[in-house]
Amino acid sequence: AHIETPFAEKFGVPRQSGIADSPGRIVFEKPFRDVDAVRGLEGFSHIWLIWQFDRAQRQSWSPTVRPPRLGGNVRMGVFATRSPFRPNPIGLSSVELEKIELTSDRGPVLHVRGADLMDGTPIFDIKPYVAYADSHPDALSGFLGAATFKKLRVTLPDGVSEPLPEGLIDVLSNDPRPRYHDDPERVYGMQYAGHEVKFRVSGDELIVLSIQ
């Protein structure tokens, strides 16, 4: 399958699945557009997506990477991170299954929330999320420690009248900037659902300058 999301480029994609209420639609390739293949899936609230970092492939790999969470200057082992630059460019995401839509032209389409994938990303496999086995509330977070993610307050420019793209405010509130950026005068731009969004961040406030 592949997934349709509002993210046309890497910048702005949530750092992890589930932290922003960003929508997605999973569309199966023709050989797999069989409603029987998703029979019973409607009873699960969340699913695992196994997918490919298709726009982060390299000819070689490095045993260490620089996690943005550590300022981009400290190297950690690639297997201790979720960096897209891996020996095998495979990603894993847990997303909420909102509904299964049965269509006449594309077969069953899975509507999900909390997607952290770029538009068009290939999906290798889909598995149900099983809470009793997959949830580990006491798990340790390594060098991330007890990391907390405080959401920003989003301020819109005057005169915004048209409906905003679904999930945009939630994505912005999670601070799309690299973790080590902290310049209140710097203007950032990101693509979301066909819109060009310009913003800057001052303290705990993200100020949207324009939406085109």
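The values are calculated or read from the model by the stated rules, or taken from the named source; none is laboratory data. Keep in mind that what you see is a predicted model, and the values were worked out from it rather than measured. All Cβ positions, glycine included, derive from the backbone under ideal geometry; neighbour counts span all protein chains shown. Keep in mind that these areas ignore ligands, DNA and RNA; they rest on the heavy atoms of the full protein, side chains included. Shrake-Rupley method; radii C 1.70, N 1.55, O 1.52, S 1.80 Å.
Things worth noting here:
- Given (1) within 23 Å of TYR132 (Cα to Cα); (2) in contact with a Gly (Cβ under 9 Å, 6 or more places away or on another chain), index of the condition THR64 fails: (1)
- Pair list, Cβ under 7 Å, 6 or more apart: the range 57-72 residue touching a residue at least 40 places away in the same chain (Cβ under 8 Å), other residue in a loop (DSSP other than H, G, I, E, B) and open to solvent by 70 Å² or more (accessible area, probe 1.4 Å): PRO68/ARG179; PRO68/TYR180; ARG69/ARG179; GLY71/TYR180; GLY72/ARG66; GLY72/TYR180
- Matching residues, the range 110-136, being more than 19 Å from GLN52 (Cα to Cα) and of a type in the set (Val, Ile, Thr): VAL130
- Answer residue from the range 20-44, given it is touching a helix residue (DSSP H, G or I) at 6+ places or on another chain (Cβ under 9 Å) and farther than 20 Å from PHE124 by Cα and is surrounded by the most Cβ atoms within 10 Å (Cβ to Cβ) among those: SER22
Rundown of residues vs (1) at pLDDT below 95; (2) assigned to a loop (DSSP other than H, G, I, E, B); (3) at negative phi, yes/no style:
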site	(1), (2), (3)
PRO14	yes, yes, yes
GLY18	yes, yes, no
GLY24	no, no, yes
ASP36	no, no, yes
GLU42	no, no, yes
TRP48	no, no, yes
ASP54	yes, yes, yes
ASN73	yes, yes, yes
SER83	yes, yes, yes
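- Checking ILE207 against (1) open to solvent by 40 Å² or more (accessible area, probe 1.4 Å); (2) over 22 Å from PRO23 (Cα atoms), the condition it does not meet: (1)
- Entirely in the range 105-187, the strands (runs of 3 or more DSSP E) that have 1 or more residues that are open to solvent by less than 50 Å² (accessible area, probe 1.4 Å) and small (Gly, Ala, Ser): 107-113
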